[in-house]
């Protein structure tokens with residue numbers, strides 16, 4: 001588990017050269033910078049999903065399966081990774097549904113695990 005960085009591009013946004021080997025200078029040390037910030041994952045959709053959910057007053061979340069190590073340039077994915085991510089997401093939804101029932105019973109707009 002860790003911090004995720006969301007970017008809108010597959011190449012330059014993730015520190016890889018784009019068309020005609022273009023890479024903005026501020027992206028040259030992106031991996032080192034992200035590691036220093038505790039980032040464990042790059043992805044391309046979650047920021048948009050969370051923004052839209054917020055705009056429309058909905059809840060949203062993300063569970064990412066990490067398949068590539070950009071520092072070592074290794075790629076690996078198994079069915080088990082995807083199955084585990086699905087289980088984590090399902091458990092999170094179940095927990096939130098339980099909290100929703102508690103909110104309704106207690107007639108509260110917000111609830112925390114301690115409340």
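What follows is calculated from the coordinates using simple rules that are stated; it is not laboratory data. The structure presented is a predicted model; accordingly, all values stated were derived computationally and were not measured. Cβ placement follows ideal geometry from the backbone for every residue including glycine, while neighbour counts extend to all protein chains displayed.
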| message | Need the full-extension length gain, residue 69 to residue 48, defined as separation in residues times 0.36 nm minus the C-alpha distance. One decimal, nm. | response | 5.2 nm
| note | Percent relative contact order for the stretch 3-77, counting Cα pairs under 8 Å at least six residues apart, stands at 30
| said: Tell me the angle of helix 46-55 to the major Cα principal axis of the chain, expressed in degrees between 0 and 90 and rounded to the nearest ten. | reply: 40
| remark: Per residue convex hull volume, Cα only, the stretch 3-77, in Å³ is 112
| MRE, 222 nm, helices only [DSSP H, n ≥ 4, -39500 (n - 2.57), over the chain, to nearest 500] | -13000 deg cm²/dmol
| Gaussian network model of the chain, Cα springs within a sub-10 Å range: biggest mean-square fluctuation belongs to which of 102, 82, 14? | 102
| message | Under 19 Å from a point placed 7 Å out from the Cα of residue 78 along the Cα-to-Cβ direction: which residues of the stretch 1-38 have their backbone N that close? | response | 1
| message | If I take R0 = 41 Å and measure r between the Cβ atoms of residue 107 and residue 87 in this structure, what FRET efficiency does the formula 1/(1 + (r/R0)^6) give, to the nearest 0.05? | response | 0.80
